[in-house]
1. With contacts defined as alpha carbon pairs under 8 Å and 6 or more residues apart, what's the relative contact order of the range 299-408 in percent?
2. So for each of 301-307, 244-250 I average, over its residues, the number of other beta carbons within 10 Å; can you give me the resulting order with the highest mean first?
3. When the label point is put 7 Å from the Cα of residue 404 along its Cα-to-beta-carbon vector, which residues of the range 259-300 have a backbone N closer than 15 Å?
4. Compare 22, 160, 398 in a GNM of the chain, Cα atoms joined below 10 Å, and give the one with the largest fluctuation.
5. Label-point separation (nm) for residue 248 and residue 350, each offset 7 Å from Cα along Cα-to-Cβ?
6. Given the convex hull of the Cα atoms of the chain, what is a quarter of its surface area in nm²?
7. Where does each of 395, 139, 36, 51 land when they are ranked from fewest to most other beta-carbon atoms within 10 angstrom?
8. Name the most mobile residue of 391, 101, 147, meaning the one with the largest mean-square fluctuation, in a Gaussian network model of the chain with Cα contacts below 10 Å.
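A short reminder: the numbers here are calculations on the coordinates, not readings from a lab. Quantities reported herein were computed from a predicted structural model and do not represent experimental measurements. Note: ideal-geometry Cβ built from the backbone for every residue, glycine included; neighbour counts use all protein chains shown.
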Ligand SMILES: Nc1nc2c(ncn2[C@@H]2O[C@H](COP(=O)(O)OP(=O)(O)O)[C@@H](O)[C@H]2O)c(=O)[nH]1
Ligand SMILES: [Mg+2]
């Protein structure tokens, strides 16, 4: 993965910057149709390798970019969909794999050629519920015919745009980006509220903070800030209280909190000392409810009890940084599962984004880790083939709650 900081293409709206989840945009088409040239235009810099020789882009390449009206995005440049031979077919396979993670696709064609490879790809877009538009590039060499445009737009309920990378203006690009914005589903921006549908106006939520807040980690976590911002936006009341101050504070606070959110590791101890009439959950559960396939996880998590020694568990890791909290958490979780099951399981850890050749059938259970780094659409598409095979799936947070014996209590809030 190649991540580069790009210069801004033009003015970015405040709203776009606020969003912390990046839509993924994939660029597709035959070899040499101008995919890499188009990526460079979008980004406003020469980042993707352009060549007059076909087959230059061999792997899907990701670029970090900021697009006006949309905000932060990841753009994925792919190799030609018309590649052939053993190596070529593998490349096409990798290109198709990106459909699992993208929120929106741009299909580039030239010379009014919309034939077998394009039709196959568009069928795949539909299979993975990826919205798309078609760009007719190199229109300086051959114009888009109204027949091609009409046929494609009608058949696929999309838009086809006449374009060329050689003489295009900033205005052309800005207009295109606005069009993209209309096609990118809202799920890609995580626009749904975290707790606003559950906590009413003026109801109080307490965010319990570990006592060691001033030590090494310090400050509030990204999750705590995100939850607080969401509550404030929804006119709910929020209060931060240190864990050790919680029992005494609850005696004096009025109104009583509707909900207390706790770090997972303190949940069990808190259960025993906090009043029964206040709802409790964990930060992890709030985020897994927000981002995940919650109902499915709820159903499948108890299937952990059916696992036997040496069963193979697939961990889909969203973080690439093996020093990150998500990685450490994943290793701890393996130990916890083994203790809970009383057996040693096999674990296979794969990055969510690099799993083209996996045969899921070998796994008895799949756990997604660091899912708050992904958009909901990315999670849904990553899990789809697994769910289709009837393999149980769950999230790090749910399994963590389950093996610690707090599953029922910490999910109760979300069940109505
Ligand atoms: N005439 C013309 N040439 C273009 C246009 N867009 C790209 N090219 C050229 O087409 C060739 C292939 O472009 P490239 O971006 O590498 O294609 P890719 O293989 O799809 O990534 C390069 O020589 C580009 O300069 C265009 O709109 N008009
Ligand atoms: Mg290329």
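1. Value for the range 299-408: 37 percent.
2. Order by mean packing, descending: 301-307, 244-250.
3. The answer is 260-273, 280-289.
4. Evaluated over the chain, the most mobile residue of the options is 160.
5. Computed distance between label sites residue 248 and residue 350 equals 5.3 nm.
6. It is 22.5 nm².
7. So the residues, fewest neighbours to most, are 51, 139, 36, 395.
8. Checking each option, the largest mean-square fluctuation is seen for 147.
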